[in-house]
1. Would you mind computing Rg(Cα) / (2.2 N^0.38 Å) for the stretch 5-156, counting N as its residues?
2. Subtracting the Cα-Cα distance from 0.36 nm times the residue separation, let me have the gained length for MET1 to ARG204 in nm, one decimal.
3. Run the helix sum for the chain: -39,500 (n - 2.57) per DSSP H stretch of 4+ residues, divided by residue count, reported at 222 nm to the nearest 500 deg cm²/dmol.
4. Give a residue-ordered list of calculated ³J(HN,Hα) values for the stretch 157-172 (Karplus: 6.51 cos²θ - 1.76 cosθ + 1.60, θ = phi - 60°; whole Hz; x for Gly, Pro).
5. For the chain, what relative contact order do you get, as a whole percent, if you take Cα pairs closer than 8 Å and at least 6 residues apart?
6. Report, by chain and number, residues whose modeled amide H sits under 5 Å from the one on GLY29, excluding near sequence neighbours (fewer than 5 apart, same chain).
7. Separation between the GLN71 and ILE114 pseudo-spin-labels, each 7 Å from Cα along Cα→Cβ, expressed in nm?
8. With a cut-off of at most 15 other beta carbons within 10 Å, and DSSP calling the residue loop, which chymotrypsin sites (Phe, Trp or Tyr not before Pro) in the stretch 1-96 qualify? Please list them.
Amino acid sequence: MVTSTQDLLRAWRDAPSGAVVLAEAQLRGRGRLGRVWESPPGNLYFSVLLKNAGDPLLPFRAGLALAEAAQVGKLKWPNDLLAPDGRKLGGILVEVEKERVFLGVGLNVSVAPIPESAALQEFRRASRAQLLADFLWSLESWLEKENEAVLCAWLTKSMTIGQKVRVQTGKEAFVGVASALGPQGELLVRTKEGTRAVFAGDVRLLRVLEDIENPKISEGQA
Ligand code: BTN
C-alpha cells in the first residue's frame, strides 16, 4: 500500500505536467496544516502534478473543480468541501517543490472516516472513476480562467462568507465575521479591532461547530 500519493508523485522525478497518482487507500495520508488524512479503502485519493508554482489562486481553482465534480456541498476557505450540514466531504493539499506543484485531493466517496466527516454517497451515487474524470476536466478549465472569474465563482460556492469564524494562524487565534476575499484569495475577517486579512491558517465556522457538537439543540432551533 502507498504511504501518500503526494510522496509517490514527488518521487516520480520525470513525471510530466498533468501526471496523476491514484491510490485505493493510504497508510499515511496527510492533510493541510500537518493533519492526518484518514484514508481507508472506498474513497478517492489522488495527486496531480502541475508546473505553475506561484499561482495564489490555485487552491481556489482546485476547490471549484472539486465542488463541481462532487455536485454536492459548498466550500470553506480555502478549499474544504463541506456537506450541506457542514461535515467535511473532501479537501485539497497543495505542496510546492521548486516549480513543481503537488495537488493532492481527498474525497470521501463511500466512507466517512471520522465523526465530523461525511461521505458523498449519503447524497448521491457516483463512481470514483467518474468523479476523478470530472475533477480533471473541471480543473483544466478553471486553470485557464481569469483570477476575477475564479474569485467570483468561489464566492457563489462559499459556505464561509457572512459566517462567524474562528481563525487560527501560526501564532494566534481570533474570532470575527468572514466578510470577503482579497485579490490573492486572502480571507478578510471583520473583528472588533478592524478587518484582518488571513493568507494561511485554519478557519472554523462557529455555527457549524455548534450544530455538529449539539445536534439536538440545533435541530430544535431549526
Ligand atoms: C485537507 O483538507 O486537509 C487536505 C486533504 C488532502 C488529502 C489528499 S488524499 C490524496 C493526497 N495524498 C495525501 O496524503 N493527501 C492528499
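Since every read-out is calculated from the coordinates, none of them should be taken as a lab result. Just so it is clear, the model here is predicted, and its values are computed rather than measured. Positions of Cβ are backbone-derived with ideal geometry, glycine not excepted, and every protein chain shown enters the neighbour counts.
1. 0.96
2. Extending this stretch completely gives an extra 69.8 nm.
3. Helices in the chain give a 222 nm mean residue ellipticity of -8000 deg cm²/dmol.
4. Running phi through 6.51 cos²θ - 1.76 cosθ + 1.60 with θ = phi - 60° gives 9, 7, 10, 10, 5, x, 9, 6, 10, 10, 10, 10, 9, x, 10, 8 Hz.
5. With pairs under 8 Å counted, the relative contact order is 16 percent.
6. When sequence neighbours closer than 5 places are left aside, the close amide H contacts are TRP37, SER39.
7. Placing both labels 7 Å beyond Cα along the Cβ direction yields 2.9 nm.
8. TRP12
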